[in-house]
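Novice: Got a structure here, written out as structure tokens. Questions coming.
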Amino acid sequence: MTRPVLQPVVVGAGPAGIRAAQTLAAHGLRPIVIDEAARAGGQIYRRPPAHFKRTPQRLYGTEAGRAIAVHAAIDDLQDRIDHRPDSLVWSAQDQQLDVLHGPTQTTRTVPYGQLIVATGATDRVLPVPGWTLPGVYTLGGAQVALKFQGCAIGSRVVFMGTGPLLYLVAYQYAKAGVKVAAVLDTARFVDQLAAVPAMLRQPAVFAKGVTYIAWLRAHGVALRSGARPVRILGEERVRSVVWAEGGREHTIDCDAVGFGYALRSETQLADLLGCRFAYAPMHRAHLPERDAAGRSSVPGVYLAGDGAGIMGADAAEWAGELTALTLLADHSVGVDTQRARVLQQKLEKLSGFRAGLERAFPFPEDWAAQAPDELVVCRCENVTAGELRRAVADSGADEMNRLKALTRVGMGRCQGRMCGVAAAEILAHATGQPVQQVGRFRGQAPIKPIPIHLLRPADEEVAA
Ligand SMILES: Cc1cc2nc3c(=O)[nH]c(=O)nc-3n(C[C@H](O)[C@H](O)[C@H](O)COP(=O)(O)OP(=O)(O)OC[C@H]3O[C@@H](n4cnc5c(N)ncnc54)[C@H](O)[C@@H]3O)c2cc1C
């Protein structure tokens, strides 16, 4: 039997994409690996510029060993893959990707036979009045500053929101010598207590979380549970945070804020590729469907890692390897099926722990009810919660894309990647529907901003 021609492309060089590429290369293929970042590693193992001197231990803490292993894997692969860093996939159609090369500001098409989408995640943002002030960052943004630029977002920082990243980033900042003024978690202590049995399914990960919290407490950092952010105050820059606990408001001074509510999957590319989506209650999001082996609903398109549901870095590596094995097996390449089964079992086992995390750090379902009318939800287009509510009242809009057309929410530079979650919550609350009913913003190209002149056909002349 003749083997079909394989021309695999991997989008995303985080833990999922790197393991996928490594597996494809181990079976004699030479995949193209595209990532918009200058250096491979993804979010958790984000690599600083080559001349930075901080050790992996200082950069990645308890994750240093994995970071070193993942970086070594991609370094070893360099002559067996076609690695294209600084390259943003901004559109996809007809078996080809449109890719912007950042340093030269040129765009080219990359054809593919098979595609592994491993595009990862970004912060899940629920705005609070004052969040557009200078000095306010997402938790992920605050961490990127530390890992990639070697600098802090301020000298006296409040971290707030919820999710495991909240305590991790606070810990990393405090270890780096920054004064952490407070950690304000919307989750209640009883939520965290109730989640312990499920979290103990991954004792090592659970122990890390407990260590961060214990270390922060031992070093005098104020940790508040059940704390609702009310507003961020300041004129030219953040000055303080007002938060509420048990019906009373409190104010704390700071010069920077890091906030976020866990993560959301980067799904736009899967959307442009025509993958079928379904609502995933645990993730409170519409996600591209994938079977247990990593196949999407589109033949030849595979999904790995956080881009199809937030499962964490270890799961991303397993899913990357599994997806590559599936791709190979689907195209008649002999693979270790026992290894594929083991990976599948590991991923299935993790879902109990993942449910425990949701229990420990629940999504604040009352957020939309508390959001004041003047709150800016979409900062690209400056659309407030009140404007969204008025559009619902005036037009009866009950679906996200209708709301977008009426108000321009999600129509700006971020294409709804930052405001989509909050807009859906406001719409669901205003219409009295469950959030899954209001749908999601349809993916549109370009999925991230590109220079407008690149959209002009090559032979089109600009009038003098
Ligand atoms: C900011 C941030 C910080 C995090 N920090 C931690 C942490 O400290 N500890 C922890 O346990 N977990 C952390 N996480 C979660 C953890 O990073 C993920 O679980 C894990 O990295 C998932 O791996 P992945 O390969 O699926 O995706 P990622 O590691 O997110 O990799 C995805 C890659 O795809 C690339 N990409 C995305 N879209 C495109 C496109 N259109 N074109 C080209 N390239 C594209 C990105 O540049 C990125 O390199 C963090 C997540 C975020 C968002």
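What follows draws every value from the coordinates through simple rules; no lab data is involved. Keep in mind that what you see is a predicted model, and the values were worked out from it rather than measured. Cβ sites come from the backbone with ideal geometry, for glycine too, and all protein chains shown count toward neighbours.
Novice: Just to confirm the number: angle between the C-alpha axis of helix 64-77 and the first principal axis of the chain, 0 to 90 degrees, nearest 10?
Specialist: 30 degrees
Novice: Report the net charge of residues surrounding L223, where surrounding means a beta-carbon distance below 13 angstrom and charges are Lys +1, Arg +1, Asp -1, Glu -1. The partial results should precede the final answer.
Specialist: Details: positive: R188, R217, R224; negative: D185, E245.
Net charge in that neighbourhood comes out at +1.
Novice: Once you keep just the Cα pairs under 8 angstrom separated by 6 or more residues, what percentage relative contact order results for the range 367-438? List each step's numbers first, then the result.
Specialist: Numbers: 103 pairs, mean separation 23.9, N = 72.
Worked out over the range 367-438, it gives 33 percent.
Novice: If you rank M282, M199 by fewest surrounding Cβ atoms within 10 Å, what's the result? Walk me through the numbers before you get to the answer.
Specialist: Numbers: M282 13, M199 21.
Listed from fewest to most nearby Cβ atoms, that is M282, M199.
Novice: Once you have all Cα-Cα distances for the range 367-438, histogram them in 5 Å bins from zero and send the whole-percent values.
Specialist: Cα pair-distance distribution for the range 367-438, in percent: 3, 20, 34, 28, 13, 1.
Novice: Along the Cα→Cβ direction, 7 angstrom out, place labels at M282 and R339. What is the inter-label distance in nm?
Specialist: Result for the modelled spin labels: 2.6 nm.
Novice: Nearest-5 percent of antiparallel DSSP beta bridges in the chain? Kindly include the intermediate steps, with their values, before the conclusion.
Specialist: Working: 34 of 64 bridges.
Roughly 55 percent of the beta bridges in the chain run antiparallel, per DSSP.
Novice: Specify the inter-centroid distance of the range 303-322 and the range 235-283, based on alpha-carbon positions, in whole Å.
Specialist: 22 Å
Novice: In degrees between 0 and 90, to the nearest 10, how far off the longest principal axis of the chain does helix 203-218 point, with axes built from Cα atoms?
Specialist: Long axis of 203-218 versus the principal axis of the chain: about 30 degrees.
Novice: Then there's this: Which whole-angstrom value gives the distance between the alpha carbon centres of the range 323-359 and the range 432-456?
Specialist: 30 Å
Novice: For the range 125-261, what's the radius of gyration and Dmax over Cα atoms, in angstrom?
Specialist: Using the Cα atoms of the range 125-261, the pair Rg, Dmax is 14.5, 46 Å.
Novice: For Cα pairs less than 8 Å apart in space and 6+ apart in sequence, what is the mean separation divided by the residue count of the chain, i.e. the relative contact order in percent?
Specialist: On the way: 940 pairs, mean separation 79.9, N = 464.
Averaging sequence separation for qualifying contacts and normalising by length gives 17 percent for the chain.
Novice: Let me ask something else. Give me P(r) over the chain, computed from all C-alpha to C-alpha distances, binned every 10 Å, as integer percentages.
Specialist: 4, 20, 30, 28, 15, 4, 0, 0
Novice: With no other cysteine's Cβ closer than 4.7 Å, which Cys residues of the chain count as lacking a disulfide-compatible partner?
Specialist: So far as the 4.7 Å Cβ criterion goes, C151, C254, C275, C380, C414 stand without a partner in the chain.
Novice: Taking 31 Å as the cut-off for C-alpha to C-alpha distance, list the pairs among K147/K208; K208/K346; K175/K448 that go past it. Provide the component values of the computation, followed by the final result.
Specialist: On the way: K147/K208 19 Å; K208/K346 20 Å; K175/K448 34 Å.
Checking Cα-Cα distances, K175/K448 exceed 31 Å.
Novice: How far, in nm, would the chain grow between A38 and A355 when pulled straight, counting 0.36 nm per residue and subtracting the alpha carbon separation?
Specialist: Here the segment from A38 to A355 would lengthen by 110.7 nm.
Novice: About its Cα centre, how strong a charge dipole does the range 367-438 have in debye, to the nearest 20, once Lys and Arg get +1 and Asp and Glu get -1 at the Cβ? Present the calculation step by step, with values, prior to reporting the outcome.
Specialist: Working: 8 positive and 8 negative charges, 57 e Å.
Computed about the Cα centre, the dipole is about 280 debye.
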